[in-house]
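What follows is one structure encoded as structure tokens, with my remarks underneath.
The values are calculated or read from the model by the stated rules, or taken from the named source; none is laboratory data. Remember, predicted model here, so these are calculated numbers, not experimental data. Neighbour counts run over all protein chains shown; Cβ positions are idealised from the backbone, glycine included.
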Amino acid sequence: MCDCRAISPPNRPQSKKVSMSIIQEFTDRGLLAQCTDLEAVDKLLDNEKVTFYIGFDPTADSLHVGHFLQMKIMAHMQRAGHRPIALLGGGTGMIGDPTGKSDMRKMLSKETIDHNIECFKKQMSRFIDISEGKALFINNADWLLGLNYIEFLRDIGPHFSVNRMLAAECYKARLETGLTFLEFNYMLLQSYDFYRLYLDYGCKLQLGGDDQWSNIIGGVELIRRKVGGEAYGLTFKLLTNSEGKKMGKTEKGAVWLDPEKTPPYDFFQYWRNIADADVINCLKMLTFLPLDEIAKYEKLEGSELNVAKELLAFELTKLVHGEEEANKALEAARTLFSAGGISENMPTCVLSSDDFKDGKIKVVDMLVLGKLAPSKGEARRLIQQGGVAVCDEKVASIDAELSAEDFATRDIIVKKGKKVFMRYTIG
């Protein structure tokens, strides 16, 4: 058995730590998008320990890669001496943010939302220090679910112009397909969140993805109009590839942080296989590696960039799943791609005797069982296009099958395309 502790992580050039403002670091890493008053925020963060927040609506029972970028920003801020609030949308999650959606989000029950919040808390605790009040988990259901609607409209409604709201990017895209009045309330509720955090916790700064700009401005202006307070908003670029498309999606769906949804090896492989044009940007935006260290990889081209991709995959897997899982994924990837061998840490599909008929199993069925294809139709298409190999031999027929005896004499490795592998065994 391989001792994964002996696997050497990707070589990293050493660098000298240089002190810089947190705003300058965000700028240099290509993270910063917009700010309500950049000079004031830079001064505030340099001279005070600031309480800030980022909101997370619990629409699933796991965080995904898009959330990871926001948590990395929270961790940067906390390391710079500021206090994060992770605002969990037990209230706003009952409505759903229309931003970036072509249709209304699926309505979730309160029980589902509460379960998802607990899952979020567990995952977030890996990235931010919640000991001794250094970070706070707060649920906006604490104030939103008990609101009196008429009182809320009289108190908050006069501070919002419908004309300005309709001009906001978060609503404009939905006007063509249909924006419900339920969703139209979302901006008021998110703005009210900032107002309550300002009053109750001295929170002066809201952070978020750049698609939240309109909602963040709403909160800043509400605080100013209601109590004359100074509050600020800061947005960050969304995680997109060089073509402007959002990252974090595969043919299997979202890249989740939950190892049950996206196993550590698959997570590693997602980053190991990103496009050459995206690797340096991802190193800057998603890791804590010093910028002068990352700069040493910028001059690399072609196959030389594989070193940087391996480093990116290792660092992100270590952050999300821990160093032991990162080492296992690294060992498996190196074994497969450099030596063409078999690794105990590679993804494995365990077949049962029920999967065999008359002692045989079709490759089409193996692809579906191993989740290398979402359906038998897609599995057949992959084989017809020459994209499937079993033990390094290309599968030529959609009727190809293996016998149970084949599994007793050798490891069965199925390869999809050039980069996706699955080992099959019988349990």
- Task: Run down 222, 283 and say which single residue is free of Cβ contacts under 8 Å to residues at least 60 places away in the same chain and aliphatic (A, V, I, L, M).
- Result: 283
- Message: Quick check on the range 330-349. Is at least one of its residues under 26 Å from residue 69 (Cβ atoms), surrounded by 13 or more Cβ atoms within 10 Å (Cβ to Cβ) and at pLDDT 90 or above?
- Response: yes
- Task: For residue 244, state whether it is in the same structural domain as residue 308 (by TED's automatic domain parsing), more than 21 Å from residue 325 (Cα to Cα) and free of Cβ contacts under 8 Å to residues at least 12 places away in the same chain.
- Result: no
- Message: Considering only the range 276-286, I want to know if a residue exists there that is more than 18 Å from residue 244 (Cα to Cα) and surrounded by 20 or more Cβ atoms within 10 Å (Cβ to Cβ).
- Response: no
- Task: Filter the range 159-186 for residues that are within 20 Å of residue 234 (Cα to Cα) and touching a Ser or Thr at 6+ places or on another chain (Cβ under 7 Å) and give the result.
- Result: 168, 169, 170, 186
- Item | Members of the range 184-203 found to be surrounded by fewer than 24 Cβ atoms within 10 Å (Cβ to Cβ) and within 20 Å of residue 45 (Cβ to Cβ), listed by number | 201, 202
- Item | Residue satisfying all of: in the range 105-144; modelled with pLDDT of 95 or more and aromatic (Phe, Trp, Tyr); surrounded by the most Cβ atoms within 10 Å (Cβ to Cβ) among these | 120
- Considering only residues that are surrounded by 14 or more Cβ atoms within 10 Å (Cβ to Cβ) and among the basic types (Lys, Arg), look in the range 368-380 and name the one that is farthest from residue 262 (Cα to Cα). 380
- Does the range 326-343 include one or more residues that are not in a helix (DSSP H, G or I) and not small (Gly, Ala, Ser)? yes
- Message: So residue 215 ticks every box in (1) crowded, with 19+ Cβ neighbours inside 10 Å; (2) in contact (Cβ under 8 Å) with a residue 12 or more places away in the chain; (3) closer than 23 Å to residue 125 by Cα but one. Which box is left unticked?
- Response: (3)
- Checked the range 158-179 for anything modelled with pLDDT of 75 or more and either loosely packed, with under 11 Cβ neighbours inside 10 Å or within 23 Å of residue 209 (Cα to Cα) (or both); matches are 158, 160, 161, 162, 163, 164, 165, 166, 167, 168
- Query: Consider residue 240 against the criteria (1) more than 23 Å from residue 27 (Cβ to Cβ); (2) modelled with pLDDT under 95: it satisfies all of them except one. Which criterion is unmet?
  - Reply: (1)
- Query: Is at least one residue of the range 61-83 in contact with a Leu (Cβ under 6 Å, 6 or more places away or on another chain) and over 30 Å from residue 268 (Cβ atoms)?
  - Reply: no
- Query: Tell me, which residue of the range 241-253 that is touching a helix residue (DSSP H, G or I) at 6+ places or on another chain (Cβ under 9 Å) and closer than 19 Å to residue 279 by Cα is surrounded by the fewest Cβ atoms within 10 Å (Cβ to Cβ)?
  - Reply: 243
- Task: Kindly establish whether residue 236 is aromatic (Phe, Trp, Tyr), crowded, with 17+ Cβ neighbours inside 10 Å and within 30 Å of residue 192 (Cβ to Cβ).
- Result: yes
- Query: Counting just the residues of the range 284-337 that are farther than 14 Å from residue 273 by Cα and among the hydroxyl-bearing types (Ser, Thr, Tyr), which one comes out farthest from the chain's Cα centre (by Cα)?
  - Reply: 335
